Amino acid sequence: MSRKIEHYVAPLEETPLEAVDSAVTDAAPSNFWLEAWRNLRKNPMFIISAILILFIIFVAIFPQVFTAEDPRACTLGNSVAPPSAGHPLGYTFQGCDIYAQVVYGARASVLVGILSTIGVVLLGGTLGALAGYYGGWLDSVIARIGDIFFALPLLLGALVLIQLPFVRENRGVWTVVAILVIFGWPNVARITRGAVISVKNSDYITSAKSLGVSNFAALLKHVIPNAIAPVIVIATVNLGIFIVAEATLSFLSIGLPPGIQSWGQQISDAQTVIRTDPQVLLYPSIALSLTVLSFIMLGDAVRDALDPKARKR
């Protein structure tokens, strides 16, 4: 026996479908970089690291704002003297003001890190983009050259190259930067190559070429802007690595010359009194560690913001 089923239909005025089905048509389209910036602003790690980095850069550019002392003015009568008015960190074994040395040491260390990062991105990014986009024999040649430099670790290669007479006699900021760029570009080139390969066959690249855009113009205008995100991440992290590399070379007395204040040089000079006066070693070490940690934190925050998979997690 069949049973009749009654259906209830709500009145039209109680079901405002126009409100449910409406869509905002005048909103601005979503932008990858805008979304990344919104995620960065919400990340406490980015805020803390950015504030620290801006402060360190300000100290490096305007050290005279923070101290009126000359870091090279040393008086043996003040050797290992305790902190006093105007000298909050005391004196080194040679009677130099520790606070002034730490403040002025930021300039060379940060400058080497920034210039080395710019050079590595320009050289490695250019070679990696060309290799990934054009492929063929160009890709093979750049890959083999990169393998040669990959065989030499950064510090080991720098130690070998800096011992050459011409390089040793002309040590300076630009010499250290050039050496770090020579041995640091393959990593950026490899990452750029992979990013370009993943982008170059996209539909919008094919459409641009079909409209008459040349290969090189497509590479500059469409491929590189859409493949630069991982390069920015690795460059941010590398900046801290290059600062450590410069400090290591200066610690071994083969980096920057003694006339240039740097944290690595100050740590090296503090070896003689590390047991009796550890504060001489402590303060430049803290400054170096904080700077490197800030750039690593910034790199992690930028990576999370630019990686869609990381945002989904």
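The values are calculated or read from the model by the stated rules, or taken from the named source; none is laboratory data. The structure displayed is predicted, hence computed values, not measured ones. Note that each Cβ is placed from the backbone with ideal geometry, even for glycine, and that neighbours are counted across all protein chains shown. These area figures cover heavy atoms from the full protein model, side chains too; ligands, DNA and RNA do not enter into them. Shrake-Rupley method; radii C 1.70, N 1.55, O 1.52, S 1.80 Å.
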Original post:
For the chain, what does -39500 (n - 2.57) per DSSP helix run (n ≥ 4), summed and divided by total residues, give at 222 nm, in deg cm²/dmol to the nearest 500?
Top reply: -21000 deg cm²/dmol
Original post:
Counting only Cα, what are the radius of gyration and maximum Cα-Cα distance Dmax of segment 45-98, in Å?
Top reply: 14.5, 45
Subject >> Largest-first ellipsoid semi-axes for segment 94-180, taking √(5λ) over the Cα gyration tensor eigenvalues, angstrom >> reply: 34, 16, 9
Original post:
When the solvent-accessible surface of protein heavy atoms is calculated with a 1.4 angstrom probe, in what order do R107, R144 fall, highest first?
Top reply: R144, R107
Original post:
Could you give the nm distance between label points at S210 and I47, where each point is 7 Å from its Cα heading toward the beta carbon?
Top reply: 4.7
Original post:
Convex hull volume of the Cα atoms in segment 201-282, per residue, in Å³?
Top reply: 131
Subject >> Stokes-Einstein D for the chain, Kirkwood Rh over Cα pairs, 37 °C, 0.692 mPa s (µm²/s) >> reply: 141
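At 1.4 Å probe size, with the rest of the protein present, what percent of the exposed accessible area of the chain is carbon and sulfur atoms?
Here carbon and sulfur together make up 66 percent of the probe-accessible area.
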Subject >> Per residue, in Å², the accessible surface of the chain once ligands and nucleic acids are set aside, probe 1.4 Å >> reply: 58
Original post:
From the backbone phi of segment 36-41, what are the Karplus-calculated ³J(HN,Hα) couplings (6.51 cos²θ - 1.76 cosθ + 1.60, θ = phi - 60°) in whole Hz, Gly and Pro given as x?
Top reply: 5, 5, 5, 5, 5, 5
Original post:
Where does helix 98-134 land angle-wise versus the long Cα axis of the chain, in degrees 0 to 90, nearest 10?
Top reply: 40
**OP:** Mind grabbing the accessible area of K200 for me, 1.4 Å probe, Å², rounded to tens?
**Re:** 50
Original post:
Given R₀ = 45 Å, FRET efficiency for Q94-L220 by Cβ-Cβ distance, to 0.05?
Top reply: 0.25
**OP:** With a point put 7 Å past each Cα toward its Cβ, work out how far L155 is from S140 in nm, to one decimal.
**Re:** 3.7
